[in-house]
Each structure stands twice: as structure tokens, then as C-alpha cells.
Amino acid sequence: MEFYRFRFPAGCDKKIRGQIDHDLHIVTYHSISPKMGLSLTQTAQYFSKKAFSFYSKRLSAYVIAYNSNLPLLEIIYLVFHELGHVYFGHIAPGGNTVATLKQQESAADNFAAFIFSKIGGTKMQTLTGNEHFTYDGMPAGMLLNDFWAWNSSDLLNNTLRGALAEFIVASALDIDTTVARQDWTAYDLLSPSGRKIEVKCSAYLQSWNPDRLSKIQFSIRPSRSWDAENDYSADLKRWSDLYVFCLYASKDRSETPLQLERWEFYVLPTDVLNQSCGNQKSISLNSLLSLCPTKSNYEDLQGVVENISLGSTPPPKKFYIIFKY
């Protein structure tokens, strides 16, 4: 039995193995779709947009397939939900369950909630900062907050400011920030309505250059997605639905990035970026403005992100009239 990347609470693994009488394969849509002769779109259309499970006579095994484009936390819950169907015999070979579809879904949800509460509710949540460093089981006189203050106080540091911008956008969009940030996913954030968001950040003020203002540049480099099963993807592209370009616009060092009114946000559908910039790796502020992004402040950002059209609409062309005398 294959429990790919998931560790069950003590005792659960043995009990589940005793209940499941065939091997179990957990695979992504990317890996199973070609074997079924389907595209990713067809797999999502014919089975489920998120995850599904079935018994394979050819493999003599249960198969759980999931959409790897979803956030990791959601994937884990969905896999446990499908595992609940296997555990309760809903898709057993030759089985004839008397439970209704609604009862089956309820049972699978209860199974997932139980397992998820054991591993997801504690191990994947954010820490408080009050956790102790220990040595030989005893407090060493340092708290996690001490490390955070030492490591993360320079909010003008390029790397840290990028993570800060993601947090600010997540908070503006009411995305759950009690779950720890994941920095290896194909896109940065998923909005409540399911929009994939890439967050980019720039600023006039830099910690490494106190004497002058920096030119505003944003990275728009296409990339390869990564997952632990398939490694890096063959496709080099921009994976989000839209970009949120975050500009800390202050030019006064007495101010701080914690002042949200000092931030400007420019929202642009990824299709527009692809059409206008191709494989371009970076974009200046002036070039970005020429693409007619929607400008927003912190307060209005959620409405802009959730309501902006994602269609590929290029910016209006500029026409020049030359008078000859």
C-alpha cells in the first residue's frame, strides 16, 4: 500500500491497512490522464475538478487521483476524503453498498475530518513565536520570536519584502493566514473564489542602498512548476490567473512598510502579460502602466482581484498624429 507523502497518526496506519484488501495508488491528474487517453480538461470534466477514486482491475488496486494545481492543504484533505470511500468499501470490487450517495459522501467527509484533525490541525498551522528552543529537553533561554526579530526586522530587505507583500495581499483577500506559507507552489495565493494569484513586489527604498531611490522593476519570469511526484514540469510558463504587482511607494525612510496606505497595488490578468510580454523576464513600472492594469489600494484590493475580467484584452494602442506644414 502506498501512502504518498502522508503520515497517519499512530495506530491509524495499521487499522487502515487491515481494512483495505488491495494495493492503493495515489497519483496526480498529470500522471493518470495520459494513461486514460484523456487530457487534463477531460479528466476534470468526466470525473471531478478536484479528486476521485476507483478500483482498477488491471492493477488490482485502488487508485486515488487528485488535481495537483490545488493548494497542498486542500489536496491532503481531498485524498483523505477519497481514502474514506475506499475504507468504507464504497468502491470495493464487486461490492454493493447499500448507502446512498449522500451517506457515502458524509462518511468520507467524517473520515477525512478525523484524520485531518490529527495531522492538519496541529502540524500545518502557523507557530505563535512563544515556542522555546530546547537543549536536552530543557529551555535554552531563546524563543522562536527572538529568531524572528533577528531575522525578519529589516522589512526593506528584498527577499523578506516579497514575503511581506504576499502576506499583505493574502490578508486583503481574506485568505487564511493561520496556515504556514508555502514558497514552492506554482503560484503564490489562491483567492476565496479560486483565482490563482502571483504576487510581485518592488520599492523605491532598499536597505542596501540608503543614498538614492531605486528604479521600479518587477519580475515576470515564466517558470516551471514543481511537485514531489513529477519533479519539474516540462512547461515553462506563467501559472497564475492574474498578477498583483505590489509597490511600496514611500520615499521617506521615516515611514515603514507596515503602513498599508503607503502601498500601491496593480492587478493585471496573466493573459494580458503573456500576450504583451511573451517570455520577458522583468517589467518596469512605466511598461506595466502601459498595459493598463487596475490600480487599487489595500482596502479595495479584494474587490478588484475577484471582479477583474481574466480575458486576454490587450491595452489600447497609442496613435500619433503628425502635422506637416
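The values are calculated or read from the model by the stated rules, or taken from the named source; none is laboratory data. In this text, all values refer to a predicted model and were calculated from it rather than measured experimentally. Glycine gets a Cβ as well: all are built from the backbone with ideal geometry, and neighbour counts include every protein chain shown.
Values as computed for the structure displayed
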read-out: Region 177-192: number of residues that are over 21 Å from D300 (Cβ atoms) and not polar (S, T, N, Q); value: 7
read-out: Residue selected from region 20-50 under the condition among the polar types (S, T, N, Q) and under 14 Å from V79 (Cβ atoms), by the criterion surrounded by the fewest Cβ atoms within 10 Å (Cβ to Cβ); value: S48
read-out: Candidates R224, R238, R253, filtered to the one that is modelled with pLDDT under 95 and surrounded by 14 or more Cβ atoms within 10 Å (Cβ to Cβ); value: R238
read-out: Sole residue being surrounded by fewer than 19 Cβ atoms within 10 Å (Cβ to Cβ) and under 24 Å from L38 (Cα atoms), chosen from I91, I75, I64; value: I91
read-out: Some residue of region 161-179 being modelled with pLDDT under 90 and among the hydrophobic types (A, V, I, L, M, F, W, C); value: yes
read-out: Hits in region 26-46 (condition: part of a helix (DSSP H, G or I), in contact with a helix residue (DSSP H, G or I) (Cβ under 8 Å, 6 or more places away or on another chain) and of a type in the set (S, T, Y)); value: Y29, S33, T43
read-out: Tally, over region 140-176, of residues that are surrounded by 13 or more Cβ atoms within 10 Å (Cβ to Cβ) and within 25 Å of I308 (Cβ to Cβ); value: 14
read-out: Test: residue in region 205-214 that is over 16 Å from the mean Cα position of the chain (by Cα), buried (at least 19 other Cβ atoms within 10 Å of the Cβ) and free of Cβ contacts under 8 Å to residues at least 60 places away in the same chain; value: yes
read-out: Flag if E299 is under 22 Å from the mean Cα position of the chain (by Cα), among the charged types (D, E, K, R) and at pLDDT 90 or above; value: no
read-out: Pairs, first without any contact (Cβ under 8 Å) to a residue 40 or more places away in the chain in region 273-292, second among the charged types (D, E, K, R) and part of a loop (DSSP other than H, G, I, E, B), C-beta under 8 Å, six or more apart; value: N274/R238
read-out: Q275, sole failed condition from (1) part of a loop (DSSP other than H, G, I, E, B); (2) over 23 Å from the mean Cα position of the chain (by Cα); (3) of a type outside the set (D, E, K, R); value: (1)
